[in-house]
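Single-structure report; data block below.
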Amino acid sequence: MKVLIADDEFNVRDVIRHVGQWEANGVIQLLEAKNGDEAKDIIETEKPEIIFTDIKMPKMSGIELLEWLNSISYTGKVILITGFDDYTFMRKAIQFNSFDYLLKPIEPDAFNQTLERAIDEWKSEEEKRSYEETGLYEEAKKLQLSQLVWAVCSGDMTDLPHLQSALPATEVYDVTLLSFYQMHQPAPYIQALADELVERKLGHAFELQRDATLCLVITIQGHWLDVEKWISHHVDLPVRLVSQPLPSLEHLPAAFQSLQQEMEQQNFRSIHRLDELETARRMEDLVAYVDQYYMEELSLEKLSRRFFFSREHISRKFKQETGMPLSKYVTNRRINQSKQWLKETDKSIYSISLLLGYQDEKYFSKLFKKVVGMTPFEYRNSQ
């Protein structure tokens, strides 16, 4: 980091050079200028991040230098140094975005506090500029909001003021939980909805960090039908929703839990129902999901929530698709995997049963024998 000291008095530059805690603040180079023109040349070539400049200098004053810096959108921090506590100067300094000003004679403590603050603010703004230039700033902001909302919904009220700042001020809100189909990618739709709500000052939509298929929408009470109309016209995915009034943001954890229960009990409304082709594709996705996660706990209830089918529909269609009920299909997949491990590895039978989701080794052995005709031990010895 570079710092420029611009002052026509050598003794002032010398004092600043000696009182500044440069190394402690990460300053690796000190530059000096005797007047405004010289300072301008140094700024163009060396691009210092922090500038200390006297107001009254020959050739170009500190105010004129500040005006020029403002015209070129200088991103560093400028601290004016003056022996005159003159409001006219200060007003112009504020107009051209100076960071602060110091009075002569320089006091070491005040100087170093100002230096540290200027560097901290420059670093913060530089990080933000870097995010914006790489397109990461909005992503980071969205992720932060997602984490914040999830924390509040989980009962952590630490960041409640930050959530309030993201919403329009009102006495009562409506809170709505949207659920999207497992295999769709709802993130772009959630962001478009969030942008619409923020622009119209109606509320905000939040992608939930722990479950990308869920979206929490908080809106000013009485405007939900307008929001739902927008969703029906701009979101071409099937959506399930449950909604209720939110007396205040402090009630959000209880409201979120209630909405989740309503969704699990299938007390939802739908926007965009599935056509036959989409339904067929969804059943294919469901079978593929079971093939991937058969070692985890699977139930008709869990699959119903993920794939927007009733439990009865899944039970009937799964058997049509695979030729066997869900429970038998999962058992066969697990047994086939256990046979592979018994042949190709030294894993214990107990370890294999745990990996397959069975807590009881005796139950696993009994199930294995029922399907294969011999115990896991006998099967391993026969290979």
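Are any residues in segment 1-34 among the polar types (S, T, N, Q) and within 16 Å of residue 47 (Cα to Cα), and if so, which ones? Before you say what the answer is, go through the steps one by one.
Of all residues in segment 1-34, those among the polar types (S, T, N, Q) come to 11, 21, 25, 29.
Of everything in segment 1-34, just one residue is among the polar types (S, T, N, Q) and within 16 Å of residue 47 (Cα to Cα), namely 29.
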Residue satisfying all of: in segment 339-358; among the basic types (Lys, Arg) and either open to solvent by less than 40 Å² (accessible area, probe 1.4 Å) or under 16 Å from residue 295 (Cβ atoms) (or both); modelled with the lowest pLDDT among these: 347
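Among 365, 353, 270, which is touching a Phe, Trp or Tyr at 6+ places or on another chain (Cβ under 9 Å), within 28 Å of residue 229 (Cα to Cα) and of a type in the set (Ser, Thr, Tyr)? Break it down stepwise before answering.
On the way: 365 fails: within 28 Å of residue 229 (Cα to Cα); 353 fails: within 28 Å of residue 229 (Cα to Cα).
Among 365, 353, 270, only 270 is touching a Phe, Trp or Tyr at 6+ places or on another chain (Cβ under 9 Å), within 28 Å of residue 229 (Cα to Cα) and of a type in the set (Ser, Thr, Tyr).
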Residue in segment 263-270 that is small (Gly, Ala, Ser) and either assigned to a loop (DSSP other than H, G, I, E, B) or closer than 17 Å to residue 172 by Cβ (or both) present: no
Any hit, segment 359-379, residues being among the hydroxyl-bearing types (Ser, Thr, Tyr), under 21 Å from residue 291 (Cβ atoms) and buried (at least 18 other Cβ atoms within 10 Å of the Cβ): no
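Run down 297, 284, 321, 301 and say which single residue is in contact (Cβ under 8 Å) with a residue 24 or more places away in the chain, outside any helix (DSSP H, G or I) and not β-branched (Val, Ile, Thr). Give the steps one after another, and end with the answer.
On the way: 284 fails: outside any helix (DSSP H, G or I); 321 fails: outside any helix (DSSP H, G or I); 301 fails: outside any helix (DSSP H, G or I).
Answer to the selection: 297.
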Filtered residues of segment 267-291 (kept if modelled with pLDDT of 90 or more and open to solvent by 40 Å² or more (accessible area, probe 1.4 Å)): 291
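For segment 3-24, give me each residue that is open to solvent by 50 Å² or more (accessible area, probe 1.4 Å) and under 46 Å from the mean Cα position of the chain (by Cα). Explain how you work it out, then say what you get.
Within segment 3-24, the subset open to solvent by 50 Å² or more (accessible area, probe 1.4 Å) is 8-11, 15, 17-18, 21, 23-24.
Answer for segment 3-24, where residues must be open to solvent by 50 Å² or more (accessible area, probe 1.4 Å) and under 46 Å from the mean Cα position of the chain (by Cα): 17, 18, 21, 23, 24.
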Number of the condition not met by residue 335 [criteria: (1) over 28 Å from residue 212 (Cα atoms); (2) open to solvent by 70 Å² or more (accessible area, probe 1.4 Å)]: (2)
Qualifying residue in segment 47-69 (condition: in contact (Cβ under 8 Å) with a residue 40 or more places away in the chain and among the hydroxyl-bearing types (Ser, Thr, Tyr)): yes
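Test residue 229 against the criterion of being of a type in the set (Lys, Arg) and in contact with a strand residue (DSSP E or B) (Cβ under 9 Å, 6 or more places away or on another chain), and give yes or no.
Values: of a type in the set (Lys, Arg): yes; in contact with a strand residue (DSSP E or B) (Cβ under 9 Å, 6 or more places away or on another chain): no.
Here the answer is no, as residue 229 does not meet what is asked.
The values are calculated or read from the model by the stated rules, or taken from the named source; none is laboratory data. This structure is a prediction, so every number in the text was calculated from the model and none was measured. Cβ coordinates were reconstructed from backbone atoms using ideal geometry, including for glycine residues, and neighbour counts include every protein chain displayed. Please note that ligands, DNA and RNA were not included when accessible areas were found on the heavy atoms of the full protein model with its side chains. Shrake-Rupley method; radii C 1.70, N 1.55, O 1.52, S 1.80 Å.
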